[in-house]
C-alpha cells in the first residue's frame, strides 16, 4: 500500500481499511479515519472497536476531518500523532508555498491569515486558493484545528490554568476558547481534566506526549547526542533514556528561555516532553522544534527500504536536528577537522566564556547555561575567541557568521536548499562540508551528503579494488536518494 499525501483528492476506503484493520503504525499521522456512526475521528493505531467499512471516511489531515464535523477521539488522541512530514521532492511553486504556509502555522509564530500571506509575500486570496488545493481546507480551518488540538493536549497532559491553556494555544481570550471548543468538539474544556491520567518525566515533572512511528533506534540517537553534549547546555542519560537541555523559544513575539527534559518511552512509541515553567506558555512553538530535533515525524519504513542493507544494522536510525540553528552552526565550525571529543571541549569553553546563566529556578544540575546569542558573538573581538584555543581563522569565521546571521536564509529556515548552501559557502571559513552538515541537522534536510568526508569515502570504498575518488563517492551515494542524510549516519556508525 502506498502512502497517501495531503494533496490526494480522495483517500479510498478499500486502500486504507486494511491498514486500519492491522492498526499499522506506518500510517499513523499519514491519515485519519472518521466514523460516521459516532462522529469521531481516530488515528490508524486506535485500539477501539473496529468500525464497519461503510461507516469509515478517510482524511489526509486532522483539519480535513474536523472540517467535515468529526471530533477527535479521546482514546487515541489525534493531537499526539506524528506529522505527515515535508517531502523534499520536486514541487511547483504553489505546492512549495502551500507547504511553507502549513509549516509556518505549525510553528506557532503566525497568528493570522493576513500575517501568513504577508510573510510569504503573496495576497490573502492567492494564499487561500493554493492552500485549499494542497491541504483540502482553508488556512483559517487549518490554524483553528492546530490551536484546538494543542489546547486539547495541554488540558489532558498539563495542570496549566484554563486561561494559560487558552493563551498558549493562541486564543485571544478564554471566552473565545470556550466557544470554539464547545462548537467544534461539542465538549466543555473542563471535561477533559476529569480523570486525565497523570504522566511525568523521570524528574517528576508533568509531561506532554509526543508520538513517533516505530521503529526508532533510541540508543543510537542518544549515543550521537551524548558524544556531542556540551556541559551546561545538554545532558544525556542513556539508562533513563532522557535528554535534558537548555534552549530559547520565540513565541508570541518574544523569547522564552528555559530548560526541557525529553524521555523516550519506546514501549509506547512516545517521547515525554517536560518543559520548565518558563517555556510552558510557548508550547505551540516548542513542540515543532522538539519534533524536528528528535526527528519524530520520520517515516522509518520508507527510509530503511531506500537504504536497503545499509539500514540492517540499525533500523529506525533518526536524523538528529537541533533546537537552535546558530548553536548548531557554531558547533559545526568548531568541529572542522578535529575529533568529536575535541569539538566538544572547545564548545564547553565557548559556552563557559560567552554563554549566559539560566535562571536558577529553571536550571538543573549540569544544565544551567544558555548558548551565546549571535549578537554577543558579532560584537566579540577575534582575539577573545582565540584565547579559548580556537584557531584565529575559525574565530573570524564565527564572528562573520554571527554578523551575517540576521539576513541568512539558513537562519530563517526559508528558501531553497541550493540557495542556502551557496549563501553559507560565501562566508569565510565555511566550506561545502560544513554547509551541508549545517543544513543536514539545522534544516533537518534528509538528502544531504557532505562532500569530501573522509569516513564516508572509506566506508563506500570497502570492497573496491582502490579507494573511490571524491566524484565516485558522490556517485555511489546516489542510490540512497532522497535519504542520503540517513545513509551518512549509517555509514558513520558502520565499522571500518
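Just so it is clear, none of the values below were taken in a lab; they were calculated from the coordinates. What you see is a predicted model; the values in this text were computed from it and never measured. Positions of Cβ are generated from backbone atoms using ideal geometry, with glycine treated the same way; all protein chains shown enter the neighbour counts.
Values for this structure:
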quantity	calculated
Estimated 222 nm signal from helices in the chain, with DSSP H stretches of n ≥ 4 weighted -39500 (n - 2.57), rounded to 500	-13000 deg cm²/dmol
Along each principal axis, Cα extent of the stretch 93-192, largest first, Å	43, 23, 21
Packing-based exposure ordering (other Cβ within 10 Å, fewest first) of 96, 242, 123	123, 96, 242
Dimensionless Rg/Rh of the stretch 363-425 - Kirkwood Rh, Rg from C-alpha atoms	1.07
Nitroxide proxy distance, nm - points 7 Å out along Cα→Cβ at residue 265 and residue 356	3.4
Residue 118/residue 387 FRET efficiency (R0 51 Å; Cβ-Cβ; nearest 0.05)	0.70
Relative counts (whole %) of C-alpha pair distances in the chain, using bins that are 10 Å wide	4, 18, 29, 28, 15, 5, 1, 0
Two-site label geometry, residue 340 and residue 179: point separation in nm, points 7 Å out along Cα→Cβ	5.4
Pairwise label distance in nanometres, residue 95 with residue 471, each label 7 Å out on the Cα-Cβ vector	3.2
Shape call, the stretch 25-154: gyration tensor on alpha carbons, a/c limit 1.5	prolate
135, 251, 126 arranged by Cβ crowding within 10 Å, fewest neighbours leading	126, 251, 135
Computed Kirkwood radius, in angstrom, where 1/r is averaged over Cα pairs of the stretch 446-496	10.8
Chain lengthening between residue 302 and residue 129 when straightened (0.36 nm per residue, less Cα-Cα)	59.2 nm
Ellipsoid semi-axes in whole angstrom, largest first, where each is sqrt(5λ) of the Cα gyration tensor of the stretch 403-496	27, 13, 11
Computed over the stretch 319-362, the ratio Rg/Rh where both radii use C-alpha atoms and Rh is Kirkwood	1.03
Tensor-based shape of the stretch 247-351 (alpha-carbon gyration tensor, a/c under 1.5 rounded, otherwise prolate or oblate)	oblate
For the chain, share of DSSP beta bridges that run antiparallel, in % to the nearest 5	90
Least to most buried among 269, 190, 94 (fewest other Cβ within 10 Å first)	190, 94, 269
Relative contact order of the stretch 13-80, defined on C-alpha pairs under 8 angstrom at six or more residues apart (%)	35
Mean shadow area of the stretch 139-290, taken as a quarter of the surface of its Cα convex hull (nm²)	10.0
Distance cut-off 20 Å, percentage of C-alpha pairs in the stretch 13-80 lying past it	12
Length released on extending from residue 227 to residue 462, taking residue separation times 0.36 nm less the Cα-Cα span	82.0 nm
Span from the the stretch 285-305 Cα centroid across to the the stretch 235-281 one, whole angstrom	15
